[in-house]
Each structure stands twice: as structure tokens, then as C-alpha cells.
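Here the structure is laid out as C-alpha cells; the discussion comes afterwards.
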């Protein structure tokens with residue numbers, strides 16, 4: 001397998017998972033410049049270095065070398081094809097992670113009891129909305145808090161400080177959308 005093929009594969013995988021070069025480099029603990037050099041075909045990583053980079057996705061080496069580089073049209077996604085990007089009691093399953101230049105981000109989310117989006121308030125460009133499917137979720141937007149329950153929803157300008165927290169005793173499940181995509 002030549003350098004360009006490894007670089008092309010890495011770039012394809014990174015984009016399928018909705019990661020920028022900088023984000024993957026940070027997650028994998030490698031220099032951004034090294035990742036850029038590999039993707040451009042200017043460097044051939046050792047197996048150990050490639051494994052470390054793929055751990056940031058996460059993806060096994062066997063999967064990396066066996067997937068088909070051909071772009072296929074995807075309109076429908078099985079449950080197991082949704083890419084998990086959450087952690088620590090919060091699950092974010094991304095719909096259509098491999099679609100290049102997505103204009104919308106759709107997630108199937110779940111928050112374990114007591115889990116939250118983090119202590120730091122979030123802000124980013126765009127708009128976001130969500131519908132609670134089960135459980136309850138405390139949503140804070142611009143200093144205003146509201147506990148939403150199954151069937152209730154939210155919609156706001158994402159440049160306003162916001163945070164999400166499951167204050168209930170059961171798992172909270174919701175579907176959300178955000179534009180432009182942040183993941």
C-alpha cells in the first residue's frame with residue numbers, strides 16, 4: 001500500500017467521522033503537522049503511529065485497510081451505522097457522519113441521570129433544536145432554565161450560552177439538529 005493510499009484513506013475516514021485535522025490530532029495526541037503530512041502523502045506513518053491516530057476516531061487497523069474508498073450514496077442508516085461521539089454519561093449518535101459537506105447535524109442523544117453537556121456553557125455559530133423522546137432534560141439558554149419532558153422541544157440561536165443536564169432519575173433520550181454542523 002503506497003503513501004498516497006494511506007493518506008487518502010486517513011483523510012476519507014477523518015471526514016466520514018466529521019473531524020477536522022486539528023480535532024483528530026488533538027484526540028490522538030499527535031502533531032497537527034504530522035497528520036497533515038500523512039494525508040497529503042508526504043509521509044508514511046509507522047503501524048504504531050497509524051494505530052495511535054486511529055484510536056482517536058476510534059477505528060481498528062483491519063477496518064481502516066479493508067473499507068472501500070469508493071463513495072457510495074447513503075440515504076438510510078442502520079442503528080449501528082450512527083457514529084458515537086459522546087462520552088461520560090452522554091451519548092451523541094451522529095446521523096450521516098460520512099456525508100461530505102453536510103449542512104445539518106442530526107443526533108440521537110441520551111443523557112444518563114445526572115449527566116450534562118459540561119460545566120462550561122456552550123456557544124457556537126448557528127441554530128439548534130431538539131425534541132425530548134423520554135425522560136427529562138434541564139435546558140439552560142441565556143441564563144434561563146427550563147425542565148423539558150417527553151414531547152416538549154427547544155429551539156434557539158446557538159451563539160447564546162447554553163447547557164443541557166439530566167436532572168431526572170431516568171435516562172433522557174432526544175433527537176436534535178444543529179446548523180451549521182459542529183461535529
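The values are calculated or read from the model by the stated rules, or taken from the named source; none is laboratory data. Note that the coordinates shown come from a computational prediction; the quantities given were computed from them, not determined experimentally. All Cβ positions, even for glycine, are placed from backbone atoms using ideal geometry, and neighbour counts span all protein chains on display.
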(1) part of a strand (DSSP E or B); (2) touching a residue at least 60 places away in the same chain (Cβ under 8 Å) all hold for residue 183 apart from (1)
TODO: Take residue 127 and decide whether it is in contact (Cβ under 8 Å) with a residue 12 or more places away in the chain and under 18 Å from the mean Cα position of the chain (by Cα).
DONE: yes
Of the residues in the stretch 78-96 that are over 15 Å from residue 19 (Cα atoms) and surrounded by fewer than 17 Cβ atoms within 10 Å (Cβ to Cβ), the one that is modelled with the highest pLDDT is 89
